[in-house]
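Below is one structure; the comments refer to it alone.
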Amino acid sequence: MANPSRELKPLLAAALAAPMVFASSLAIAQDTLGWRFEGTVSAYLPDISGRTAFPLTGASGDATLDAKTIVEHLKMTFMGTLEASKGPSGLFTDVLYMDIGDSRSGFREMSIGGLPLPAGAEARADYDMKGWVWTLGGTWHALTDPAATLDVIAGARLLDIEQTLTWEVTGNVGSIPASGRAGSSKVALSHWDGIVGVKGRLGLTADRKWFAPYYIDVGTGESKLTWQAMGGIGYAFQWGDVVAAWRYIDYTTKSGNPVESLTFNGPSISAVFRW
């Protein structure tokens, strides 16, 4: 059977490219049409947590762990945002890509068939997660005071991830079913959720060179609940801004989903360009 999340990736790539092409075309006519553009490139270093149940091959039950107990580093992250506005309204797209993985020996922070590893048992575990968090939507400038801005936002967010766990339990394995002593299992998730929220910035100095950006949204749909929040401090230059911030993204899925929850939480540093 075809994997829906894998079939979605070509469409996702095309959808991500479309705003860039759209923005390039509009930029040519910026003087006559009054369009304004903002692009952001960021480095993001989140901690990852979230409970996932990996089905056992050829048997009932699963191998369950929380990603935060095994992940100590990221292989690669990319985060970027593009926004186009004209008058009080606009469009934006935000994409986060992560390639996360780690290997641990002497690992005990997992359960097999709903039971923790017995005393005297430990595992060698290899964990990998690749995925996208893609947000797109529209904006409405509700407040445009020189000292503060407030945009109301509405749109949708896609979480498209694939997690793989390979493990081998050694030592006192007598109470562990044979099917759970070693294996490799994969879990994929592709969820669309509608979101609403606000974003903007607050001037911190009289010249407004120092400012505090903020963003918050909340939504639901294929997930039970998702929300995102960002806050930080920035400095404005003639060409754009430099921003240091903290970003938190949280997902709670509906009952019966092998990915029970997922959280990304950490600092980012961004360069913002306007034209």
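See the values below:
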| read-out | value |
| --- | --- |
| Scan of region 73-129 for residues that are closer than 22 Å to ALA271 by Cβ, touching a Phe, Trp or Tyr at 6+ places or on another chain (Cβ under 6 Å) and surrounded by fewer than 19 Cβ atoms within 10 Å (Cβ to Cβ), ordered by number | THR77, PHE78, TYR97 |
| Which listed residue is β-branched (Val, Ile, Thr), surrounded by 19 or more Cβ atoms within 10 Å (Cβ to Cβ) and under 22 Å from PHE78 (Cα atoms), from THR253, THR226 | THR226 |
| Residue within region 198-210 that is in a helix (DSSP H, G or I), in contact with a strand residue (DSSP E or B) (Cβ under 8 Å, 6 or more places away or on another chain) and more than 16 Å from LEU158 (Cβ to Cβ) present | no |
| Single match in LEU8, LEU12, LEU56 (criterion: in contact with a helix residue (DSSP H, G or I) (Cβ under 8 Å, 6 or more places away or on another chain), surrounded by 15 or more Cβ atoms within 10 Å (Cβ to Cβ) and at pLDDT below 90) | LEU56 |
| Count - residues of region 169-215 that are of a type in the set (D, E, K, R), more than 15 Å from THR64 (Cβ to Cβ) and loosely packed, with under 15 Cβ neighbours inside 10 Å | 3 |
| Residue in region 20-53 that is farthest from the chain's Cα centre (by Cα), counting only those that are modelled with pLDDT under 50 and among the β-branched types (Val, Ile, Thr) | THR32 |
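The values are calculated or read from the model by the stated rules, or taken from the named source; none is laboratory data. Computed from a predicted model, the values in this text were never measured in an experiment. Cβ sites come from the backbone with ideal geometry, for glycine too, and all protein chains shown count toward neighbours.
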